[in-house]
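Below is one structure, written out as structure tokens; comments come after it.
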Amino acid sequence: MVAVITGDIIGSGNHSSSTWLPVLKKHLSKLGKSPKDWEVYRGDEFQLKIAAKDALVQAIYIKALLKTIKGLDARIGIGVGGEDYQGQGVSESNGTAYQRSGRTFEHLKEDKINLSIATGNKNHDRIFNLMLKFALHIMDDWSPVSAEIVVLALDYPEASQQEIANRLGIQQSAVSQRQKRARLDLVLELLEFYRENLKEVN
């Protein structure tokens, strides 16, 4: 079981690609090799193949990473399933994970949401997506400062608030406030819920 993330950059037309493209590519390159595991194409669209258990955390990470740049965001469809054919590039590969990801991504604009998931299990999809709709009320409103604190928390899950404060050159109390504003606790609970319940999907 794999996951495919299909996304595009909201607000990319208002920024030079040199502002965000190197940041996105640097992160994707940590997750796999291009074009087999990930590709950026048509200017501001991207696709990533990843282990199903890591799909939601990476989708949220990419969203937060882009939102550290004022005026940017990501629209992401996640498909979980199989891979029947592996092409030279991820955009040429096929399987239920790819099909679900593509269909989910296509419906995002008309559904007016920025993150959705399809696993092929209707009951789980309904629960996951209902939780995501609530979570997006928080995540869509992240400021660049809030998004930065989420990125750091996901990069260094074992780090204390003081260690993160040292990295940012700010007070520990400021880190605590930023984490509260980003509702980091709820985001981490959502990720844990996803990982636990994904085991029941297939």
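What fraction of the Cα pairs in the range 104-189, stated in percent, has a spacing above 19 angstrom? Before the final figure, lay out the partial values.
Working: 1707 of 3655 pairs.
Everything past 19 Å amounts to 47 percent.
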* **Mean Cα-pair separation over length for the range 2-95, i.e. relative contact order, pairs under 8 Å, 6 or more apart, %** => 43 percent
* **the range 129-134 - phi-based ³J(HN,Hα) in whole Hz, Karplus 6.51/-1.76/1.60, Gly and Pro as x** => 6, 5, 5, 5, 4, 5
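Restricting everything to alpha-carbon atoms, can you work out Rg to Rh for the chain with a Kirkwood hydrodynamic radius?
0.96
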* Do you know the relative contact order of the chain, to the nearest whole percent, from alpha carbon pairs under 8 angstrom that are 6+ apart? -> 21 percent
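Of all the accessible heavy-atom surface of the range 12-77, with the other protein chains kept in place and a 1.4 Å probe, what percent is carbon and sulfur? Mind showing how you got there, number by number?
On the way: 1450 of 2850 Å².
Of the solvent-accessible surface of the range 12-77, carbon and sulfur hold 51 percent.
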* **Listed residue (Ala64, Ile76, Ala118) projecting farthest to the positive dipole end of the range 25-122, Cβ model** => Ala64
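Based on the Kirkwood radius over alpha-carbon pairs, what is the Stokes-Einstein translational diffusion coefficient of the range 44-160 at 4 °C with 1.567 mPa s viscosity, in µm²/s?
Numbers: Rh = 15.0 Å.
It diffuses with D of about 86 µm²/s by this estimate.
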* Excluding ligands, DNA and RNA, what is the solvent-accessible area per residue of the chain at a probe of 1.4 Å, expressed in Å²? -> 51 Å²
* **Förster-model FRET efficiency, 22 Å R0, Lys70 and Lys25, C-beta, rounded to 0.05** => 0.65
* **Filter on Lys33/Lys70; Lys30/Lys112; Lys36/Lys133; Lys63/Lys109 - keep pairs with C-alpha separation over 20 Å** => Lys33/Lys70; Lys30/Lys112; Lys36/Lys133
* For labels at Ala159 and Ser176 in the simple 7 Å Cα→Cβ model, what's the distance in nm? -> 1.9 nm
* Sum up the charges of everything whose Cβ sits under 14 Å from the Cβ of Gln172, counting Lys and Arg as +1 and Asp and Glu as -1, but leave Gln172 out. => +2
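Once you charge only the Cβ atoms, +1 for Lys and Arg and -1 for Asp and Glu, what is the size of the charge dipole of the chain about its Cα centre, to the nearest 20 debye? Intermediate values should be presented prior to the final figure.
On the way: 26 positive and 25 negative charges, 53 e Å.
That gives a dipole near 260 debye.
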* To do: Take Gln88, project a point 7 Å from its Cα along the Cβ direction, then tell me which residues of the range 42-75 have their backbone nitrogen under 17 Å from it.
  => 42
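The values are calculated or read from the model by the stated rules, or taken from the named source; none is laboratory data. Note that the coordinates shown come from a computational prediction; the quantities given were computed from them, not determined experimentally. In this analysis, Cβ positions are derived from the backbone assuming ideal geometry, glycine residues included, and neighbour counts consider all displayed protein chains. The protein model used for the area step is the full one, side chains on, heavy atoms only, and it has no ligands, DNA or RNA in it. Shrake-Rupley method; radii C 1.70, N 1.55, O 1.52, S 1.80 Å.
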